[in-house]
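Undergrad: Below is the structure I would like to discuss, written out as structure tokens.
The values are calculated or read from the model by the stated rules, or taken from the named source; none is laboratory data. Fair warning: this is a prediction, and the values are worked out from it, not measured in the lab. Neighbour counts are summed over all protein chains in view; Cβ atoms, including those assigned to glycine, are modelled from backbone coordinates with ideal geometry. Side chains are part of the model used for accessible areas, which takes the heavy atoms of the whole protein and leaves out ligands, DNA and RNA. Shrake-Rupley method; radii C 1.70, N 1.55, O 1.52, S 1.80 Å.
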Amino acid sequence: MSTGPYSKDCKLMQKIGWAVRQQPVYCSGVIPVPDDLMLLYFGKGESTRRVDLGDASLADLEALSNACEPAAFGLGDQTVMDETYRKAGKLDCDAFATLFHPGDVGIREIVHNELLGGEKDFTMELYKLNVYGKDAFFKPHQDTPRSEKMFGSLVIVFPTAHEGGEFVLHEKISSRIIDFSEILLSSKAPVSFVGYIAFFSDTSHEVRPVKSGHRVTLTYNLYFTDAPEQNTKPSHTFPSSIQGFLTKYLRKLTSALGVLPNGGYLVFGLRHKYALKASQKADTLREYLKGSDDILARACDELKLDWAPHVYYQKLVDNMSFVFSDRVIKYDYVEDHELSGPGADAETFVSEWSTVSAAEDGSLSSTLHPRRWEEYQRKLYPSPSDRETKGVLWRSYQQHGDRKWHGDTVWVTGPMSDHKIQTHHTAYGNESTVEYLYGCVCLLVKLKPSAERGDAVAVGGEGETVAETSAQATTITHPEVMVVDAPSA
Ligand SMILES: O=C(O)CCC(=O)C(=O)O
Ligand SMILES: [Fe+2]
């Protein structure tokens, strides 16, 4: 087996992939709640009713269930009612009142430390009350981000008698089943407990069918805030061991002479999805990075690496072209192609680089003009490493066997989340069709040639644990970009 620098560097990349995957995408548990916070008021006018969710009778729960409307869900940009996908009752926030607030029982601190590593401030906004009666369920879905600041969801499960209704979180290769039905009701303690699950809302989750009884939940949307919430003490910040691992391995990787010897970019496919709009600069994501993506960015900051989020398009013009752009590309048809040359921004670059034509049936096809581009670039910038357009790093596989990036890249982690970035595609200037460009968000770290990188000698010993060395490889040379969620433009 080869023990040369190449395989050593690959091992480092595997370790980085391993460390990233260790950061949990959720936290959950049960927590005691003072009795008065378990009171819920619902209904309208004279029929207003009070129920103690810590000690609710069947009649109370049936009354609550009857007061609910059927719950809908979002499909693309529509709100649909489909009981084969979601069967549950809901009350909007104006139809009930409760003194319960997760911040008053310690859940805020837990979420802050366990989900955000104590790093960012956030608010919890009550979204809905749900009642799942017998046979109610919610099939796997992701929660629609209500703004670019929304990063997570919080579900509170009350101790009302029910069986089934397990909450399941689906990650790429494993699922977690969280079942509070027994633990909440079997407690002999004189106070009531609620269950909580906080998770990054791009994680797929479901509620399995309730077999009997009533499962009552409150859901909250979690948003990053610029300023700390009032009356909130800053939480204790844990030093993240995952960040420690990442910093250590990244330091080794960036100082390895065999990695990007002539300079270029390390590429990290991000693990989470982010709401991005047409033309939005990827850099605006810096402050909204979640979980392991945020930890990776912090490790880069610690090492003073030059990093920036980019959108990676595999199918920009055809299946053979690969582009990293500093923003979501607004891909408009332009009739006259004028090369504006180096310094052109991503959108100009893309529209001038290809011709888009629409067939009678409205379908779009495109023709590449890379040779024209190449010629122009070659004239101005004889060295390939200079041929980098502002905000764009690209490669075309097709032309003249040119397989080089205009700037070398090494994928350290492939994209772990699937991202669909919606882009408007206007054909003929009068009829607007919405087309999709399939992209995913990556973090690009710019490296100088290895001789100029300075003495970034790796620190820390070689005492890795067994868990680390049995890590699975995550290095993907040309990752597939798949389609899931369409943030609205
Ligand atoms: O009620 C629950 O347990 C979760 C509901 C949910 O996933 C949602 O409303 O999006
Ligand atoms: Fe959900």
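Undergrad: From (1) open to solvent by 30 Å² or more (accessible area, probe 1.4 Å); (2) at pLDDT below 75, pick out the condition that doesn't hold for Asp306.
TA: So Asp306 meets the others, but not (2).
Undergrad: I'd like to check something: does segment 192-203 contain any residue that is at pLDDT 95 or above, outside any strand (DSSP E or B), within 24 Å of Leu40 (Cβ to Cβ) and more than 24 Å from the chain's Cα centre (by Cα)?
TA: Scanning segment 192-203 turns up no residue that is at pLDDT 95 or above, outside any strand (DSSP E or B), within 24 Å of Leu40 (Cβ to Cβ) and more than 24 Å from the chain's Cα centre (by Cα).
Undergrad: List the pairs whose first member sits in segment 152-166 and is in contact (Cβ under 8 Å) with a residue 24 or more places away in the chain, whose second member is near ligand 1 (Cβ under 9 Å from one of its atoms) and of a type in the set (Asp, Glu), and whose Cβ atoms are under 8 Å apart, counting only residues at least 6 apart or on separate chains?
TA: Ser153/Asp143
Undergrad: Another one. Of these, Lys134, Lys211, Lys172, which one is among the charged types (D, E, K, R) and within 22 Å of Leu40 (Cβ to Cβ)?
TA: Lys134
Undergrad: Right, here's the next one. How many residues are open to solvent by 10 Å² or more (accessible area, probe 1.4 Å), in a loop (DSSP other than H, G, I, E, B) and over 17 Å from Lys446 (Cα atoms) if we restrict to segment 254-289?
TA: 8
Undergrad: Scan (1) within 16 Å of ligand 2 (Cβ to nearest atom); (2) touching a Phe, Trp or Tyr at 6+ places or on another chain (Cβ under 8 Å); (3) hydrophobic (A, V, I, L, M, F, W, C) for the single condition Cys93 breaks and write down its number.
TA: Failed condition: (1).
Undergrad: Further question: Restricting the first residue to segment 194-218 and requiring it to be within 26 Å of Asn113 (Cβ to Cβ) and free of Cβ contacts under 8 Å to residues at least 24 places away in the same chain, which pairs with a second residue that is open to solvent by 30 Å² or more (accessible area, probe 1.4 Å) and outside any strand (DSSP E or B) meet a Cβ separation below 8 Å and a spacing of at least six or different chains?
TA: Listed by first residue and then by second, the contacts come to nothing, as the list is empty.
Undergrad: What tally of residues in segment 70-104 results from selecting those that are of a type in the set (A, V, I, L, M) and buried (at least 19 other Cβ atoms within 10 Å of the Cβ)? So that I can check it myself, show each step before the final result.
TA: Step one: filter segment 70-104 for residues of a type in the set (A, V, I, L, M), giving 71-72, 75, 80-81, 88, 91, 95, 97, 99.
When the remaining residues are screened for being buried (at least 19 other Cβ atoms within 10 Å of the Cβ), the result is 71, 88, 91.
Within segment 70-104, residues that are of a type in the set (A, V, I, L, M) and buried (at least 19 other Cβ atoms within 10 Å of the Cβ) number 3.
The rows are residues; the columns are (1) free of Cβ contacts under 8 Å to residues at least 24 places away in the same chain; (2) under 13 Å from His214 (Cα atoms).
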| site | (1), (2) |
| --- | --- |
| Leu39 | no, no |
| Asp52 | yes, no |
| Ala67 | no, no |
| Val80 | yes, no |
| Gly89 | no, yes |
| Asp94 | yes, no |
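Undergrad: Take the residues in segment 139-172 that are open to solvent by less than 30 Å² (accessible area, probe 1.4 Å) and in contact with an Asp or Glu (Cβ under 6 Å, 6 or more places away or on another chain), then tell me which one is farthest from ligand 1 (Cβ to nearest atom).
TA: Val168
Undergrad: Go through the residues of segment 204-213 one by one and say whether even a single one is at pLDDT 95 or above, more than 16 Å from ligand 1 (Cβ to nearest atom) and either over 26 Å from Leu276 (Cα atoms) or crowded, with 22+ Cβ neighbours inside 10 Å (or both).
TA: Yes, there is a match, as at least one residue in segment 204-213 is at pLDDT 95 or above, more than 16 Å from ligand 1 (Cβ to nearest atom) and either over 26 Å from Leu276 (Cα atoms) or crowded, with 22+ Cβ neighbours inside 10 Å (or both).
Okay, residues lined up against (1) in contact with a Gly (Cβ under 8 Å, 6 or more places away or on another chain); (2) closer than 29 Å to Arg21 by Cα; (3) assigned by TED's automatic domain parsing to the domain that holds Leu116:
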{"position": "Glu171", "(1), (2), (3)": "no, yes, yes"}
{"position": "Ser175", "(1), (2), (3)": "no, yes, yes"}
{"position": "Lys188", "(1), (2), (3)": "no, no, yes"}
{"position": "Asp202", "(1), (2), (3)": "no, yes, yes"}
{"position": "Lys211", "(1), (2), (3)": "yes, no, yes"}
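Undergrad: Further question: Determine if segment 91-109 includes at least one residue that is of a type in the set (Phe, Trp, Tyr), touching a Lys or Arg at 6+ places or on another chain (Cβ under 9 Å) and not in a helix (DSSP H, G or I). Reasoning before the result, please.
TA: If we filter segment 91-109 for residues that are of a type in the set (Phe, Trp, Tyr), which is where we start, we get 96, 100.
Restricting the remaining residues to those that are touching a Lys or Arg at 6+ places or on another chain (Cβ under 9 Å) gives none.
Taking every residue of segment 91-109 in turn, none turns out to be of a type in the set (Phe, Trp, Tyr), touching a Lys or Arg at 6+ places or on another chain (Cβ under 9 Å) and not in a helix (DSSP H, G or I).
Undergrad: While we're on this one: What is the number of the single condition among (1) assigned to a strand (DSSP E or B); (2) within 15 Å of ligand 1 (Cβ to nearest atom); (3) not aromatic (Phe, Trp, Tyr) that Ser65 does not meet?
TA: Of the numbered conditions (1) assigned to a strand (DSSP E or B); (2) within 15 Å of ligand 1 (Cβ to nearest atom); (3) not aromatic (Phe, Trp, Tyr), the odd one out for Ser65 is (1).
Undergrad: Okay, moving on. I need a count of the residues in segment 164-180 that are of a type in the set (Gly, Ala, Ser), more than 16 Å from Leu218 (Cα to Cα) and more than 20 Å from the chain's Cα centre (by Cα).
TA: Here is the first cut: in segment 164-180, the residues of a type in the set (Gly, Ala, Ser) are 164-165, 174-175.
Narrowing further to those that are more than 16 Å from Leu218 (Cα to Cα): 164, 174-175.
Right, trim to more than 20 Å from the chain's Cα centre (by Cα) and you get 164.
Within segment 164-180, residues that are of a type in the set (Gly, Ala, Ser), more than 16 Å from Leu218 (Cα to Cα) and more than 20 Å from the chain's Cα centre (by Cα) number 1.
Undergrad: Could you list, in sequence order, the residues of segment 128-138 that are more than 12 Å from ligand 1 (Cβ to nearest atom) and open to solvent by less than 40 Å² (accessible area, probe 1.4 Å)?
TA: Kept after step one, since they are more than 12 Å from ligand 1 (Cβ to nearest atom), are these residues of segment 128-138: 133-135.
Answer for segment 128-138, where residues must be more than 12 Å from ligand 1 (Cβ to nearest atom) and open to solvent by less than 40 Å² (accessible area, probe 1.4 Å): just Gly133.
Undergrad: Same structure, new question: Given (1) of a type in the set (A, V, I, L, M, F, W, C); (2) outside any loop (DSSP other than H, G, I, E, B); (3) under 16 Å from Ser204 (Cα atoms), identify the lone condition not met by Val131.
TA: The number of the failed condition is (3).
Undergrad: Can you find a residue in segment 58-66 that is under 30 Å from Arg298 (Cα atoms) and not assigned by TED's automatic domain parsing to the domain that holds Ala275? Quick ask: steps written out before the conclusion?
TA: If we filter segment 58-66 for residues that are under 30 Å from Arg298 (Cα atoms), which is where we start, we get none.
Looking through segment 58-66, none of the residues is under 30 Å from Arg298 (Cα atoms) and not assigned by TED's automatic domain parsing to the domain that holds Ala275.
Undergrad: Also, I was wondering about something else. When you go through Thr84, Thr79 one by one, which is the residue that is touching a Phe, Trp or Tyr at 6+ places or on another chain (Cβ under 8 Å) and among the polar types (S, T, N, Q)? It would help to see each step written out before you state the result.
TA: Numbers: Thr84 fails: touching a Phe, Trp or Tyr at 6+ places or on another chain (Cβ under 8 Å).
Criteria check complete, one pass: Thr79.
Undergrad: What number of residues in segment 173-185 are outside any loop (DSSP other than H, G, I, E, B), farther than 18 Å from Asp202 by Cα and open to solvent by less than 70 Å² (accessible area, probe 1.4 Å)? Write out each step before concluding.
TA: Step one: of segment 173-185, the residues outside any loop (DSSP other than H, G, I, E, B) are 175-178, 181-185.
If we keep only those that are farther than 18 Å from Asp202 by Cα too, we end up with 181-185.
Subsequent filtering for residues that are open to solvent by less than 70 Å² (accessible area, probe 1.4 Å) retains 181, 184.
Selection size over segment 173-185: 2.
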